[in-house]
Amino acid sequence: MTTATVPQRIVLAKIGLDGHDRGIKVVARALRDAGMHVIYAGLWQTPEAVVRTVGDEDADWLGLSLLSGAHMTLVPRVLELLRAAGLGHVGVLVGGIIPEADIAKLTEMGVARVFGPGTPLPEIVDFLRQPREARHG
Amino acid sequence: MATITDRSASERWHDENRKAPLREQPPTTVSSVPIDALYTPDSLNGFDPETDLGFPGQYPFARGVHASMYRSRLWTMRQFAGFGTPRQTNERFKFLLSKGQTGLSTAFDLPTLMGLDSDDPRSLGEVGRLGVAVDTLDDMQELYDGIDLAKVSVSMTINAPAAIVMAYFLANAQDQGVDWQELRGTIQNDTLKEFHAQNEFVYPPEPSVRLVCDVIEFCAQQVPQWNPVSISGYHIREAGSNAVQELAFTLADGFHYVDVCLERGLDVDSFAGRLSFFFNAHNDVFEEIAKYRAARVLWAETLRHKYGARKEASWKLRFHAQTAGCSLQDKQPQVNLMRVAYQALAAVLGGCQSLHTNSMDETLALPSEHAVTLALRTQQVLAYETGVTNTVDPLGGSYFVETLTRQMQEQARTYWERIEEKGGMVPAIEAGFFRREIADAAFVYQRDVDAKRKLIVGVNAFQETDEQPLEILQIGADVEQEQVSRLRLRKQQRDQEAAQRELNNVKRVAATKENLMPALIAAARARCTVGELVNALADVFGRYDGAAKW
């Protein structure tokens, strides 16, 4: 499937004040086990700090986790800052408790995929391994 | 017990049945503990019902902390609630009381839990979203307005800024003319588990524990019916631990608070009777029941023999239970009603003193009125229709339950030895021991689910393709604006000099070994905000870095 020989680089971060990090840590481990280069930025990240990390780490992907309900404030801000920093090519994933209606809005704004509670880990790994065209098709 | 059974009969049965084909999912608990086909008196080798089990209301309290348990008084039905402004939450409280709820439980929003004011830039998008926003004493007054604090017991779930919020609560009670002697309720005030699991810490472990113990000490002297801490396994479990880790880490936290209070020169019997606990009620019915029973026995033994407590009250582990939020699913959310009902059954069969049942929609949002009513009704059906309350500890003496109870006690002790090997509680936190143990267990669990070694209805089995969405509660964006303007107004209206004086006094006391509560109560009255007080303490205590360890 993937032709990349260099492992994909993904920054994972908790944005906002929410400390629920069970999911993101499980995902971090699964992606690492799948051979990706995972940079876990940790808790309480601001949108500005996350975007800086993405740039510094030259990441292909950014995975944001929120279970606090602040996603409609914080995720659009991250997308905007990514574009402003010339990092619009970085794929953004969101995980956490995101109501159905908001998933559509986030996808429209440019989030590549929202993974809700109970998503099997292989589904996330497979998604990241797909070639870009298939992902958006 | 053991004498009446022919040992070989039990062995023979096992030999004959060992080769029975098993289903695809192995017979293990939700924590992956293997379970035998049958438990017999042999399983309880050396068990003496007289001393190991005893009687309800008697040491070691395996069978419950009260002699007549639910025959005399049902558990307190206490639904955790809070969202939006203090006024909105006050309305939800009154709604819940009108539906027959018997105690209040307050959820604060993330900025308040993290010690930030509503107008702090980091609070953007979070004000009033996961709980109620409280910035000043006036917010506290509005939150419990029209509720008689001498009659209704109130629980407040807050940790890093707990001493500050407790100061607000006490100042407000006094303003309402309620004697502190009459106040009944609980403040969670358990920062150790924040380092293990929930991540709502502000200060480093040692000053965090000092604040916890300031509240314990102050309440022991002045608010005698109040539970100044709720030592919590709930969040440890939610973060992905297994049942034994929840049990072992929670009690280890409790022992650490006891150690620090004793170092201050307090008499163990002056405070231990008011230390309360909070456990998860997860899916595995018998494992959970064994966990609660093991917790009672371990606490009683340690308080009596290690700490030399003489009062029975100090030996009794009283606990609140909440059904497992992490077990709820967003697929086929109505199915969560059944999960919650079985989990609540386990909590009650395990002898809880109060119970929160989660609402079916909590993987989607804060609960709607409809969902929270059904959750409360679940407890009412359990209490009034199922008959499980008729006799005390109906499972006492079950070969299976007693075996599991003993196993969990042994496994918890092994964990305590490992914590000791790390140098004790604080060094173990700093070494990332608890977090790593919990993350490992969470990963093992998810892998089991992905491999279908564990089946979750609606998620990896029995899925539906066409699901009807539930109506969920929406928090308006105007809440943040409203709360921020109220906060600004209050800060303008206060006596600025007095507020500054009290903030300085809090800093002065923080740098000594004096109890901070009197200074915090004075600062609450001077309308110092939660954020200002948290920052004042941080100037002295420093802040703990939430470094990413995984």
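Structure notes:
- Here the Karplus relation 6.51 cos²θ - 1.76 cosθ + 1.60, evaluated at θ = phi - 60°, turns the backbone of the range A:111-126 into coupling constants of 6, 5, 6, 10, 9, x, x, x, 5, x, 4, x, 5, 5, 4, 4 Hz, with x for every Gly and Pro.
- Of the cross-linked pairs A:Lys14/B:Lys193; B:Lys291/B:Lys422; A:Lys14/B:Lys454; B:Lys193/B:Lys306; B:Lys331/B:Lys454; A:Lys14/B:Lys452, those separated by over 21 Å at the C-alpha level are B:Lys291/B:Lys422; A:Lys14/B:Lys454; B:Lys193/B:Lys306; A:Lys14/B:Lys452.
- Ranked by the mean number of other Cβ atoms within 10 Å per residue, highest first, peptides B:18-26, B:313-321, B:35-43 order as B:313-321, B:35-43, B:18-26.
- Each label was represented as a point 7 Å from its Cα along the Cα-to-Cβ direction; for B:Met338 and B:Arg264 these points are 4.9 nm apart.
- A straight chain from B:Asp478 to B:Arg413 at 0.36 nm per residue would run longer than the Cα-Cα distance by 18.3 nm.
- Take the Cα of A:Glu48, step 7 Å toward its Cβ, do the same at B:Glu420, and the gap between the two points is 5.0 nm.
- Once the chain from B:Ala313 to B:Asn45 is taken as fully extended at 0.36 nm per residue, the excess over their C-alpha distance is 93.4 nm.
- Rounded tilt (10° steps) of B:369-384 against the dominant C-alpha axis of chain B: 50
- The range B:401-462 and the range A:12-91: distance between their alpha carbon centers, rounded to Å: 27
- Centroid-to-centroid separation of the range B:226-284 and the range B:522-539 [C-alpha atoms, Å]: 27
- Kirkwood radius for the protein assembly as shown, taken over all pairs of different Cα atoms as the inverse mean of 1/r, rounds to 26.2 Å.
- Using the rule -39500 (n - 2.57) for each DSSP H run of four or more residues, divided by the residues of the protein assembly as shown, the 222 nm mean residue ellipticity is -14000 deg cm²/dmol.
- Here the spin labels are modelled as points 7 Å beyond Cα on the Cα-Cβ line, and at B:Ala20 and B:Tyr384 they lie 4.0 nm apart.
- Charging the Cβ of each Asp and Glu at -1 and of each Lys and Arg at +1, and nothing else, the dipole of chain B about its Cα centre rounds to 660 debye.
- For the pair B and A, total buried accessible area rounded to nearest 100 Å², probe 1.4 Å: 2900
- Across the range B:21-65, the volume of the C-alpha convex hull divided among the residues equals 109 Å³ per residue.
- Ratio of Rg to Rh over the range B:213-284 (Cα coordinates, Kirkwood Rh, two decimals): 1.04
- Computed FRET value (nearest 0.05) for B:Glu464 with B:Glu497, which takes r as the C-beta separation and R₀ as 56 Å: 0.30
- Taking all pairs of distinct alpha-carbon atoms in the range B:1-156, Kirkwood radius in angstrom: 20.9
- For the range B:162-223: rounded, prolate or oblate by the Cα gyration tensor [a/c cutoff 1.5]: prolate
- Judged by the gyration tensor of its Cα atoms, with axes a ≥ b ≥ c, chain A is rounded; a/c sits under the 1.5 cut.
- For chain B: rounded, prolate or oblate by the Cα gyration tensor [a/c cutoff 1.5]: prolate
- Contact order, relative form, for chain B: 19 percent (alpha carbon pairs under 8 Å, 6 or more residues apart, mean separation divided by residue count).
- Charge dipole magnitude, Cβ of K and R +1, D and E -1 - the range B:283-361, Cα centre, debye nearest 20: 540
- Set of the range B:270-307 residues, backbone N closer than 20 Å to the point 7 Å along the Cα-Cβ line of B:Gln221: B:270-275
The values are calculated or read from the model by the stated rules, or taken from the named source; none is laboratory data. A quick note: this is a predicted structure, and the numbers were derived from the prediction, not measured. Ideal geometry is used to build each Cβ from the backbone, glycine not excepted, and the neighbour counts take in all protein chains shown. Quick note on the areas: whole protein, heavy atoms, side chains included, nothing else; ligands and nucleic acids left out. Shrake-Rupley method; radii C 1.70, N 1.55, O 1.52, S 1.80 Å.
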